[in-house]
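The values are calculated or read from the model by the stated rules, or taken from the named source; none is laboratory data. Since the model is a prediction, treat every value here as computed from it, not as a measurement. Heads up, the Cβs are rebuilt from the backbone with ideal geometry, glycines too, and the neighbour counts pull from every protein chain shown.
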């Protein structure tokens, strides 16, 4: 049984408009962070000219992956800026020359021409990471000697307000399906499945127009519940199986659909990950829209582009209302992990009362945890270890469902941090 809850989607604000493009920024601020890791080797210095796609830095350690410039221009400074996780991060400041000059032109008309080794090298060198929010280096999923039996492409996008994946599939369906089939062929994968919510009939019609030419690719409709987009829920529903840590244990790879499109551009043009679609939405935003944003752009510039805010007393959230993080300003730098900037009216939070012992947070937790017990054990490390808060996916259902208005998710987050520090 898949655990979840049907919650208001609020996607109508941004779903109808076409993808906008913003490339008027005078400066970009490329954050020296990758997957939360700020231990980055910097590859440029002040005064250097960089092309669009030039390597700015590279992550150290086992998961080495480059960070690229999203524009061509001159490195003018280094500056600390806020990113969506709330941290201030050192950024490479590049003055945009508005030429979008690239060092080497490349175009490949046959996405299947790559060997598996060449495929892995290409997506690694292009810095492709999971665009569903994890930022995990994508090449690692395919760099395995284990047989990959199934590729599941996650286009569920179950978080309220966010429509970046939806509009991408609607406008780039042919390219996405071509890439899924190429990945399947290159990696000798038996089957490929693209998953969308069952009520997205318009998106189903778009996919049905193309999918018939791909004999080993099928569309699966999943229940309209939250958090159906969690990969464990997807694997459970589609393949009727569980795994301990990673889907590859069962011969399965799960990739977000925006990641698939980034792979398309890498295979087709050797284009690094320099931009992504971000949903700018919320009742306090005048013209909600999905925008193709260059990495390193300040969110405040895009908010102005889409008409600004209705009420100056705004609440900004990086991500959706369930898993997102409140941010103190709209002057945060867009990075690969950012699929949404949500602008709401700043309202007084509900007053937290005493836990009612109703058990709703336990009943609805998709990770089968006891969130309220975790929250009550922050000063008991041994007990915390037994309660396993590190398995929490931070979906926010526990806080959403709590009749006592307790911010249970934040307590579980603190528990995870306590155990990380304990090692």
Condition first: in contact with a helix residue (DSSP H, G or I) (Cβ under 9 Å, 6 or more places away or on another chain), assigned to a strand (DSSP E or B) and surrounded by 14 or more Cβ atoms within 10 Å (Cβ to Cβ). Can you find one or more residues in region 13-20 that meet it?
yes
Output the residue which, of all residues in region 225-254 that are closer than 30 Å to residue 70 by Cα and touching a helix residue (DSSP H, G or I) at 6+ places or on another chain (Cβ under 7 Å), is surrounded by the most Cβ atoms within 10 Å (Cβ to Cβ).
254
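Looking at region 157-180, can you tell me whether even one residue there is on the phi > 0 side of the Ramachandran plot and either buried (at least 18 other Cβ atoms within 10 Å of the Cβ) or within 19 Å of the chain's Cα centre (by Cα) (or both)? Full working, then the answer.
Here is the first cut: in region 157-180, the residues on the phi > 0 side of the Ramachandran plot are 157, 161.
Subsequent filtering for residues that are either buried (at least 18 other Cβ atoms within 10 Å of the Cβ) or within 19 Å of the chain's Cα centre (by Cα) (or both) retains 157, 161.
Within region 157-180, one or more residues are on the phi > 0 side of the Ramachandran plot and either buried (at least 18 other Cβ atoms within 10 Å of the Cβ) or within 19 Å of the chain's Cα centre (by Cα) (or both).
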Need the failing condition index for residue 330 against (1) surrounded by fewer than 23 Cβ atoms within 10 Å (Cβ to Cβ); (2) within 30 Å of residue 19 (Cα to Cα); (3) at pLDDT 95 or above, just the number.
(3)
What about residue 174, is it under 22 Å from residue 17 (Cβ atoms), without any contact (Cβ under 8 Å) to a residue 40 or more places away in the chain and out of contact with any strand residue (DSSP E or B) (no Cβ under 9 Å at 6 or more places or on another chain)?
yes
Any idea which residue in region 367-398 is nearest to residue 5 (Cα to Cα), counting only those that are assigned to a helix (DSSP H, G or I) and without any contact (Cβ under 8 Å) to a residue 12 or more places away in the chain?
386
Consider residue 296 carefully, then state whether it is crowded, with 24+ Cβ neighbours inside 10 Å, at positive phi and touching a residue at least 12 places away in the same chain (Cβ under 8 Å).
yes
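Of the residues 421, 380, 368, which single one is in contact with a helix residue (DSSP H, G or I) (Cβ under 9 Å, 6 or more places away or on another chain), at pLDDT below 95 and loosely packed, with under 15 Cβ neighbours inside 10 Å?
Numbers: 421 fails: in contact with a helix residue (DSSP H, G or I) (Cβ under 9 Å, 6 or more places away or on another chain); 380 fails: in contact with a helix residue (DSSP H, G or I) (Cβ under 9 Å, 6 or more places away or on another chain).
Among 421, 380, 368, only 368 is in contact with a helix residue (DSSP H, G or I) (Cβ under 9 Å, 6 or more places away or on another chain), at pLDDT below 95 and loosely packed, with under 15 Cβ neighbours inside 10 Å.
Which residues, counting only those in region 251-262, are assigned to a helix (DSSP H, G or I) and in contact with a strand residue (DSSP E or B) (Cβ under 8 Å, 6 or more places away or on another chain)?
Residues of region 251-262 assigned to a helix (DSSP H, G or I): 257-262.
Matches in region 251-262: 257, 258, 259, 260, 262.
Kindly check whether there is at least one residue in region 202-210 that is under 18 Å from the mean Cα position of the chain (by Cα), in a helix (DSSP H, G or I) and touching a residue at least 12 places away in the same chain (Cβ under 8 Å).
The initial filter retains those residues of region 202-210 that are under 18 Å from the mean Cα position of the chain (by Cα), namely none.
No, that holds for no residue.
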Which of the numbered conditions does residue 202 fail, given that it passes all the others? Conditions: (1) modelled with pLDDT under 95; (2) touching a helix residue (DSSP H, G or I) at 6+ places or on another chain (Cβ under 8 Å); (3) over 27 Å from residue 322 (Cα atoms).
(3)
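Within region 51-62, identify whether any single residue is outside any strand (DSSP E or B), free of Cβ contacts under 8 Å to residues at least 12 places away in the same chain and surrounded by fewer than 21 Cβ atoms within 10 Å (Cβ to Cβ), and answer yes or no. Working first, answer last.
Step one: of region 51-62, the residues outside any strand (DSSP E or B) are 51-54, 60-62.
Among the residues that remain, those that are also free of Cβ contacts under 8 Å to residues at least 12 places away in the same chain are: 62.
Filter once more, so that each one left must be surrounded by fewer than 21 Cβ atoms within 10 Å (Cβ to Cβ): 62.
Yes.
A quick yes/no check of all residues on (1) assigned by TED's automatic domain parsing to the domain that holds residue 48; (2) crowded, with 19+ Cβ neighbours inside 10 Å:
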| site | (1), (2) |
| --- | --- |
| 84 | yes, yes |
| 90 | yes, no |
| 118 | no, no |
| 122 | no, no |
| 127 | no, yes |
| 130 | no, yes |
| 137 | no, yes |
Going by the conditions given, is residue 151 crowded, with 20+ Cβ neighbours inside 10 Å, in a loop (DSSP other than H, G, I, E, B) and in contact with a helix residue (DSSP H, G or I) (Cβ under 7 Å, 6 or more places away or on another chain)?
no
Under 8 Å between Cβ atoms, which residue pairs at least 6 apart in sequence (or on different chains) link something in region 233-251 that is at positive phi with a partner that is surrounded by 13 or more Cβ atoms within 10 Å (Cβ to Cβ) and outside any helix (DSSP H, G or I)?
251/148; 251/149; 251/150
Over region 133-147, the set of residues in a loop (DSSP other than H, G, I, E, B) and touching a helix residue (DSSP H, G or I) at 6+ places or on another chain (Cβ under 7 Å) is 138, 143, 144, 146
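When residues of region 347-366 are filtered for being assigned to a loop (DSSP other than H, G, I, E, B) and touching a strand residue (DSSP E or B) at 6+ places or on another chain (Cβ under 8 Å), how many remain? Steps first, answer last, please.
From region 347-366, those assigned to a loop (DSSP other than H, G, I, E, B) are 347-359, 365-366; that's our starting set.
With touching a strand residue (DSSP E or B) at 6+ places or on another chain (Cβ under 8 Å) added as a condition, the list becomes 347.
Total satisfying the criteria: 1.
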Test for residue 128: is it under 30 Å from residue 147 (Cα atoms), in contact (Cβ under 8 Å) with a residue 40 or more places away in the chain and touching a helix residue (DSSP H, G or I) at 6+ places or on another chain (Cβ under 7 Å)
yes
Output the number of the condition that residue 36 fails; it satisfies all remaining conditions of (1) at pLDDT below 95; (2) at positive phi; (3) in contact with a strand residue (DSSP E or B) (Cβ under 7 Å, 6 or more places away or on another chain).
(3)
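Applying the selection to region 98-115, what residues are crowded, with 16+ Cβ neighbours inside 10 Å and part of a helix (DSSP H, G or I)?
Initially, region 98-115 is screened for residues crowded, with 16+ Cβ neighbours inside 10 Å, giving 100, 102, 111, 114.
Selection gives 111 alone.
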